[in-house]
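The values are calculated or read from the model by the stated rules, or taken from the named source; none is laboratory data. This one's a predicted model, so the numbers in the text were calculated from it and none came from an experiment. Positions of Cβ are generated from backbone atoms using ideal geometry, with glycine treated the same way; all protein chains shown enter the neighbour counts. Remember, those area values only see protein heavy atoms, side chains included, never the ligands or the DNA or RNA. Shrake-Rupley method; radii C 1.70, N 1.55, O 1.52, S 1.80 Å.
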Amino acid sequence: MRHKGAVDIVTDVDLQSEQEVCATLLSAFPTHSILGEEGGARAGSDARYRWIVDPLDGTTNYAHGFPFFCVSIGFEVEGQLTLGVAYAPSLDELFVAQAGRGATVNGRPIQVSTTSELPQALLATGFPYDRREFARALKSFELVSLNSQAVRRAGSAVLDLCYVACGRLDGYWEHQVMPWDMAAGALVVLEAGGTVTATDGSAFSVDGGQVLATNGQLHQALTATLAGI
């Protein structure tokens, strides 16, 4: 285990996982580009195709034996998400979404919750590694907590998104998040019938650095709650 920052760590498993994933992808698709958390961007000769890989989302959880972590792989064609896969090995749950074909967990179709009132909603968020950004994250955590049933912070953005998709959570937001934390999970939410935007309600972008994902019914209320933070 090594530190990339004051509290941001990387383990040998992060590196080995990304090596295995990227080697497998490149053996099948040698002209495609790959964006990986640990290896950065690998430009391919065909810019239409990009794989976005988080080899171990929830590294801190993994390092402490807290079983909430996963491997995440998203696939873009000409900038559009077309495939998202996330596997949580400790829970043996595989989330898969393909554009226009729905989302599943372990082969079973999933859909977002029907919660329509924010005070009855169970939500999730994440905190940034950059401690200078903590004030904003804590302010939004407090404000949303006061207006909802509860807010969880479990430490894996990908699984938070997948849990919104299967109805275990009603929504998730984060003000500072990386492409590999969002790519697969965002498509899983969309294909399960949810809504995904930036935190201010503007159009979602994998490279946009922020995300708000909900069951759709709560989206306007959460956007309004987060406005001005």
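Annotations
- Considering the stretch 60-70, the residues that are in contact (Cβ under 8 Å) with a residue 12 or more places away in the chain and surrounded by fewer than 23 Cβ atoms within 10 Å (Cβ to Cβ) include one that is nearest to S156 (Cα to Cα), namely F68.
- Given (1) open to solvent by less than 20 Å² (accessible area, probe 1.4 Å); (2) at pLDDT 95 or above; (3) of a type in the set (A, V, I, L, M), index of the condition A28 fails: (1)
- Search result, residues across the stretch 208-229 that are touching a strand residue (DSSP E or B) at 6+ places or on another chain (Cβ under 9 Å), open to solvent by 10 Å² or more (accessible area, probe 1.4 Å) and more than 20 Å from P119 (Cα to Cα): Q210
- Some residue of the stretch 31-41 being in a loop (DSSP other than H, G, I, E, B), within 28 Å of A192 (Cα to Cα) and at pLDDT below 95: yes
- Any hit, the stretch 177-191, residues being touching a residue at least 40 places away in the same chain (Cβ under 8 Å) and in contact with a His (Cβ under 8 Å, 6 or more places away or on another chain): no
- Only one of S156, S148 that is touching a residue at least 40 places away in the same chain (Cβ under 8 Å), in contact with a helix residue (DSSP H, G or I) (Cβ under 7 Å, 6 or more places away or on another chain) and hydroxyl-bearing (S, T, Y): S156
- Selection of first residues in the stretch 196-224 that are outside any loop (DSSP other than H, G, I, E, B) and of second residues that are open to solvent by 50 Å² or more (accessible area, probe 1.4 Å) and among the aliphatic types (A, V, I, L, M), restricted to Cβ pairs under 8 Å at least 6 apart or on distinct chains, gives the following pairs, ordered by first then second residue: V196/L190; T197/A203.
- Unique match (being modelled with pLDDT under 95, of a type in the set (D, E) and open to solvent by 40 Å² or more (accessible area, probe 1.4 Å)) among E191, E133, E142: E133
- Extreme residue, farthest from the chain's Cα centre (by Cα), among residues of the stretch 47-59 that are open to solvent by 40 Å² or more (accessible area, probe 1.4 Å) and modelled with pLDDT of 95 or more: R48
- Residues of the stretch 158-168 that turn out to be open to solvent by 10 Å² or more (accessible area, probe 1.4 Å) and among the hydrophobic types (A, V, I, L, M, F, W, C), as a count: 1
- In the stretch 103-130, the residues that are open to solvent by 50 Å² or more (accessible area, probe 1.4 Å) and of a type in the set (D, E): E117
- Sub-6 Å Cβ pairs linking a first residue in the stretch 24-52 that is among the hydroxyl-bearing types (S, T, Y) to a second residue that is open to solvent by 90 Å² or more (accessible area, probe 1.4 Å), at least 6 apart or interchain, are T31/S45; S33/A43, ordered by first then second residue.
- Residue check for V177: assigned to a helix (DSSP H, G or I) and either within 21 Å of F69 (Cα to Cα) or among the aliphatic types (A, V, I, L, M) (or both): no
- In the set (1) surrounded by 20 or more Cβ atoms within 10 Å (Cβ to Cβ); (2) within 21 Å of Q98 (Cβ to Cβ), the condition left unmet by S205 is number (1).
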